[in-house]
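Report on the following structure.
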Amino acid sequence: MTTMRIGTRKSAMALAQTDEIARQLSRVSPGLAVDIVKFETTGDTDQTGKLLPHGGKGGAFVAQIRAAMLAGELQAAMHSLKDMPGNEDTPGLVIGATLSRDPPGDALVLRPGLSLDDFRRMRGKGFKIGTNAVRRAAYARKLFPDAEIIHYRGAADTRVRKLDNAEMQRLPDGGAVGPADALIMARSGLQRVGLAGRIAYEFSVQEMLPAVGQGIVAVECSARDFQTRQTLSLIDDPVAHACADAEREVLWVLNGHCNSPIAGHAEIRGAEMSLTASVLDHAGSRIIETTRTGPADRPRELGRAVGLELLARGAADIIERSRPV
């Protein structure tokens, strides 16, 4: 029996996603044994600091697992696609499969005792909204200008637990913020860890454009491991893969970094793909958004066109001003 060693983070959501990969592989390749190898990445061990000092999401959540793959210790690795840097290549590695996309949008989770009606009536005034994502923070400032947006870290289940227990969020300088009254989180992540029932409100894609790749589970492998690539191709969803290619091409063109509030979402209807992408400043007061359609079988060309249009409309200035010095 052939064994495929798949690397993953230790979080409840990462393990749920990797278990789904294993289930699908077992279905299409009954003679394959899957060995799930758990990693505790720097992004998991440091629940206080911002991700930038760790090299952004790529350094915090992806780098250690990729190093193990390049060293031949793993045949594949599970990543939430939105955590994979899109402005840089990793020589020797490719995305061998993307699973069917989960709902890509964001959701609002409220602390016990706070109703959605009260939150909406106050337009967030007097409430603290927790998020670690610069994109979500920018949209939250746009949608709830009277709310206080606070830095909030942790795995999906950990964040909800801290919200429910009114815990303070420790900061890198030794201080603390909070407790939070509300969280903005990925709807798919809440569903993966069994917390979909906590969703008080689902933002439409028009209200809060998702992160590039949000809701897509990617399986990465060595470019030269053709046996693994062939096996992974059996569970690849071509629609999700094409959408991922289009959205990530936008990141590549914009040279977006982890501190850039960049969003993107592609959909396929028939033979056409529609792609919307945006760049926001941190205050949410300025947003550049572009939508284009094109042939569904040429996703990277569409992503390139959207990225170039955003640049032509001033996106580079917003991105550079948000770039750390």
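Looking across segment 104-124, just one residue is open to solvent by 60 Å² or more (accessible area, probe 1.4 Å) and in contact (Cβ under 8 Å) with a residue 60 or more places away in the chain, and that is R111.
Exactly one residue out of V177, V193 is out of contact with any helix residue (DSSP H, G or I) (no Cβ under 8 Å at 6 or more places or on another chain) and either within 23 Å of L163 (Cα to Cα) or among the hydroxyl-bearing types (S, T, Y) (or both): that is V177. Taking the numbered list (1) at pLDDT 95 or above; (2) more than 22 Å from L108 (Cβ to Cβ); (3) touching a strand residue (DSSP E or B) at 6+ places or on another chain (Cβ under 6 Å) in turn, V217 passes all entries but (3). Pairs meeting the criteria (first residue in segment 284-303 and of a type in the set (D, E) and open to solvent by 90 Å² or more (accessible area, probe 1.4 Å), second residue modelled with pLDDT of 95 or more and outside any strand (DSSP E or B), beta carbons under 8 Å, at least 6 apart or on different chains) are D297/A242; D297/A271.
No other residue among E301, E247 is in contact with a Pro (Cβ under 9 Å, 6 or more places away or on another chain) and more than 24 Å from G105 (Cβ to Cβ) apart from E301.
For (1) in contact with a Phe, Trp or Tyr (Cβ under 9 Å, 6 or more places away or on another chain); (2) modelled with pLDDT under 90; (3) open to solvent by 40 Å² or more (accessible area, probe 1.4 Å), each residue gets a yes or a no:
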| position | (1), (2), (3) |
| --- | --- |
| V34 | no, no, yes |
| K50 | no, yes, yes |
| G59 | no, yes, no |
| Q64 | yes, yes, yes |
| D102 | no, no, no |
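Of L108, L74, all but one fail to be assigned to a loop (DSSP other than H, G, I, E, B), over 13 Å from the mean Cα position of the chain (by Cα) and modelled with pLDDT of 95 or more; the exception is L74. Taken as a whole, the condition of being open to solvent by 30 Å² or more (accessible area, probe 1.4 Å) and either among the aliphatic types (A, V, I, L, M) or assigned to a loop (DSSP other than H, G, I, E, B) (or both) does not apply to Q191.
The single condition from (1) modelled with pLDDT of 95 or more; (2) assigned to a helix (DSSP H, G or I); (3) open to solvent by 30 Å² or more (accessible area, probe 1.4 Å) that R141 fails is (1).
Note on segment 231-252: among residues that are surrounded by 22 or more Cβ atoms within 10 Å (Cβ to Cβ) and touching a Lys or Arg at 6+ places or on another chain (Cβ under 6 Å), the one that is modelled with the lowest pLDDT is E249. Condition check for R224 on (1) within 15 Å of the chain's Cα centre (by Cα); (2) open to solvent by 80 Å² or more (accessible area, probe 1.4 Å); (3) charged (D, E, K, R): one failure, at (1).
When F203 is tested against (1) aromatic (F, W, Y); (2) in contact with a strand residue (DSSP E or B) (Cβ under 6 Å, 6 or more places away or on another chain); (3) open to solvent by 40 Å² or more (accessible area, probe 1.4 Å), only condition (3) is not met.
The values are calculated or read from the model by the stated rules, or taken from the named source; none is laboratory data. Please read all numbers here as calculations on a predicted model, not as lab measurements. Backbone-built Cβ (ideal geometry, glycine too); neighbour counts: all protein chains shown. Side chains are part of the model used for accessible areas, which takes the heavy atoms of the whole protein and leaves out ligands, DNA and RNA. Shrake-Rupley method; radii C 1.70, N 1.55, O 1.52, S 1.80 Å.
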